[in-house]
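Student: Just dropping this structure here.
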Amino acid sequence: MSETAVNDLKGLVDQFVLTSNSLDTKLKDMRNEHTQLPSTANGRHQLGKLILNLRRLERQPQPFGEAGALTPSEIHTIDAIGISSPILMSELAGRLSVTKGAITQIIQRLESKGLVTRQAHPEDARSSLLSLTPVGKEAYLAHEAVNQQFYERLHAQLSEQEIAAFERSLAILNDMLES
């Protein structure tokens, strides 16, 4: 698969999925609730293909400049910290819809890679504030650039009406996966 195609799918990963476990759980819930998936055979095939590609990409680290190869969960965490730095560990876990234990493991990996720092909260000694290091900020900006390139390619291939329909579809899929 070309790097461009991987980046395109990675952009979709950013929209849909934080962890493959959460996707698996949501899909099982959807099946159990008899949620209607696309009624056409092609629609079901395309959705299945997309989900398989997303799950594969979730396990595949991508390079982000000096930060090196980062897993999707690592770069999503960097992205969330970059948007709201400094941020409490508990707020970060809530924003990413993961447990505090899961976010602790990710943060430990990112700290060992020199991408994230922890500082004691000035008002609550039990809490830590998370921030990006300069290399972490570079990874954040590289991730933003990948997302921007994806949307530029999308805009080059689709009309404004098709993009609006695509964005509505993403919102519906996100709602289904979050419920």
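Student: Kindly evaluate Gln62 against the criterion of being farther than 24 Å from Leu173 by Cα and touching a residue at least 40 places away in the same chain (Cβ under 8 Å).
Tutor: Spelling it out, Gln62 is indeed farther than 24 Å from Leu173 by Cα and touching a residue at least 40 places away in the same chain (Cβ under 8 Å).
Student: Okay, next question. Across the range 48-59, what is the total count of residues that are exposed (fewer than 14 other Cβ atoms within 10 Å of the Cβ) and either under 15 Å from the mean Cα position of the chain (by Cα) or at pLDDT below 80 (or both)?
Tutor: The qualifying residues number 1.
Student: I need the full set of residues from the range 65-92 which are of a type in the set (A, V, I, L, M) and either touching a residue at least 40 places away in the same chain (Cβ under 8 Å) or surrounded by 14 or more Cβ atoms within 10 Å (Cβ to Cβ) (or both), in order please.
Tutor: Listed by number, the residues that qualify are Ala67, Leu70, Ile75, Ile78, Ala80, Ile81, Ile87, Leu88, Met89, Leu92.
Student: Out of the range 52-93, which residues are among the aliphatic types (A, V, I, L, M) and either in contact with a Leu (Cβ under 7 Å, 6 or more places away or on another chain) or in a loop (DSSP other than H, G, I, E, B) (or both)?
Tutor: Leu54, Leu57, Ala67, Ile78, Ala80, Ile81, Ile87, Leu88, Met89, Leu92
The values are calculated or read from the model by the stated rules, or taken from the named source; none is laboratory data. Since this is a predicted model, take the numbers as computed values, not measurements. Cβ: placed from backbone, ideal geometry, glycine included. Neighbour counts: every protein chain shown.
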